[in-house]
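What follows is a set of notes on a single structure, which appears directly below.
The values are calculated or read from the model by the stated rules, or taken from the named source; none is laboratory data. Just so we're clear, the structure is a prediction, and the values are computed from it rather than from any experiment. Cβ atoms come from the backbone with ideal geometry, glycine included; neighbour counts cover every protein chain shown. Only protein heavy atoms, including side chains, enter the accessible area calculation; ligands, DNA and RNA are left aside. Shrake-Rupley method; radii C 1.70, N 1.55, O 1.52, S 1.80 Å.
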Amino acid sequence: MLKQEVVRVIKRRFHLPKPSETWRNAPKEKAECVVIGAGIVGLAVARELSLKGKEVLGKEVLVLDSAPTFGTATSSRNSEVIHAGIYYPSNSLKAHFCVRGRKLLYHYCSQRGIPHNQIGKLIVATGTSEIPKLNQLFNRGIQNGVENLRMLDASEAIKMEPELHCVKALLSPASGILDSHSLMLSLVGEAETNDATFSYNTAVIGGHLEGNQMVLHVCETKTLTNWDGNTPLQLDLLLMPKIVVNSSGLSAPTLAKRFHGLNTAIIPPAYYARGSYFILSNANSTRHPPFKHLIYPVPEEGGLGVHVTLDLDGQLKFGPDVEWIPHLEELYWVLASEVVSKNSIDLVAWLVNEPSLE
């Protein structure tokens, strides 16, 4: 019964009225720069804009998020790994940004005392058929500018990690781990110090263009929670910023399609998958974890494969696996199975890739 009720409410959240029904009576406010989403990307953007925006652009930064605080979605549900830049195609922006961003991230963490550890990674081939792929990763990493990569035979890898079973391994000393919450807390602090404003429990549900002006449709999260799904949804605010950054995570493509008047052809399609992690529990709390490095398999389609990660406390996790979610109805049930309170519904209800509201 509870899951069916959650599915019903989530569906209701996706069948919003057309924008024309809700534009008329809401108050209007102007803003300089609005960042939608207070995850790790939104926080980094807000910090950078707040540091340089006033000086270069003359802009004040406003960050909006539907959750009660920052970083409640994928930013706090990941492996907390600092990647070296091995996997992305050579000469791609992803490869360039990963390599440069890794260096900047280590520097930022060191300068601000954010917990991190450059523990290194082993990508392992468990059979001879995987060795060509491992060699491809090695060559790609070299082309991408990843430092100190080294191929290891089985004996060298097992000497480093006695519990490991493999036929060959690629060592990436530049890979590491960090405390993602401490990183986000630092970004928030610096943004606020430079006069950025954070408004939580504030949802951007769409928008429209008036000439060259973007107008954002803004609701308090409690307005969505209390909406019955039948009566017209009354917006709490029409916000008119000069600059908009859509950093709303998994919901970014969906939200972009809700910007009435925006060319939807430029919006990339969304593909959703879920992944699960498993924690290795030790009966004896004094026992050391079986691995000292990150252990990754040769990548599989849709992900990097189930890997071994360590956090800064030495807790070992296996995951994530990949479960593709091809149909809307399946996503409703996945979301419903993970919702633990009614307030959480509004944080997950924007994940589904809906058509734009005409």
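Below, the figures for the structure above:
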quantity: From the options Pro289, Pro326, residue that is more than 30 Å from Pro115 (Cβ to Cβ), outside the structural domain of Tyr200 (by the TED database) and assigned to a loop (DSSP other than H, G, I, E, B); calculated: Pro326
quantity: Residue check, Gly71 in contact (Cβ under 8 Å) with a residue 40 or more places away in the chain, in contact with a Cys (Cβ under 6 Å, 6 or more places away or on another chain), part of a loop (DSSP other than H, G, I, E, B) and under 29 Å from Phe291 (Cα atoms); calculated: no
quantity: Segment 108-130, residues that are outside any strand (DSSP E or B) and either within 17 Å of Glu147 (Cβ to Cβ) or among the hydrophobic types (A, V, I, L, M, F, W, C) (or both); calculated: Cys109, Ser110, Ile114, Gln118, Ile119, Gly120
quantity: Residue, surrounded by the fewest Cβ atoms within 10 Å (Cβ to Cβ), within segment 35-49, restricted to residues that are in contact with a Leu (Cβ under 9 Å, 6 or more places away or on another chain) and either among the β-branched types (Val, Ile, Thr) or part of a loop (DSSP other than H, G, I, E, B) (or both); calculated: Ile40
quantity: Phe97 being part of a helix (DSSP H, G or I), open to solvent by 50 Å² or more (accessible area, probe 1.4 Å), among the aromatic types (Phe, Trp, Tyr) and without any contact (Cβ under 8 Å) to a residue 12 or more places away in the chain; calculated: yes
quantity: Close pairs (8 angstrom Cβ cut-off, 6 or more residues apart or separate chains): closer than 13 Å to Leu294 by Cβ in segment 107-121, assigned to a loop (DSSP other than H, G, I, E, B) and of a type in the set (S, T, N, Q) anywhere; calculated: Gln118/Ser175; Ile119/Ser175; Gly120/Ser175; Lys121/Ser175
quantity: Answer residue from segment 50-66, given it is open to solvent by less than 40 Å² (accessible area, probe 1.4 Å) and in a helix (DSSP H, G or I) and is modelled with the lowest pLDDT among those; calculated: Gly53
quantity: Residue pairs meeting the criteria (Cβ under 6 Å; at least 6 apart or on separate chains; first in the same structural domain as Val218 (by the TED database) and under 15 Å from Leu43 (Cα atoms), in segment 237-262; second open to solvent by less than 30 Å² (accessible area, probe 1.4 Å) and assigned to a loop (DSSP other than H, G, I, E, B)); calculated: Ser247/Gly37; Ser248/Gly37; Gly249/Gly37; Gly249/Gly39
quantity: One residue from Tyr108, Tyr88 being open to solvent by 40 Å² or more (accessible area, probe 1.4 Å) and of a type in the set (Ser, Thr, Tyr); calculated: Tyr88
quantity: So Phe70, is it surrounded by fewer than 17 Cβ atoms within 10 Å (Cβ to Cβ), aromatic (Phe, Trp, Tyr) and outside the structural domain of Ile142 (by the TED database); calculated: no
quantity: Answer residue from segment 200-217, given it is at pLDDT 95 or above and more than 15 Å from Val245 (Cα to Cα) and is least open to solvent (accessible area, probe 1.4 Å) among those; calculated: Thr202
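Residue by residue, here is whether (1) within 19 Å of Ile205 (Cα to Cα); (2) open to solvent by less than 80 Å² (accessible area, probe 1.4 Å); (3) touching a Lys or Arg at 6+ places or on another chain (Cβ under 7 Å) holds:
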residue	(1), (2), (3)
Pro232	yes, yes, no
Asp236	yes, yes, no
Ser248	yes, yes, no
Gly261	yes, yes, no
His288	no, no, no
Leu294	no, yes, yes
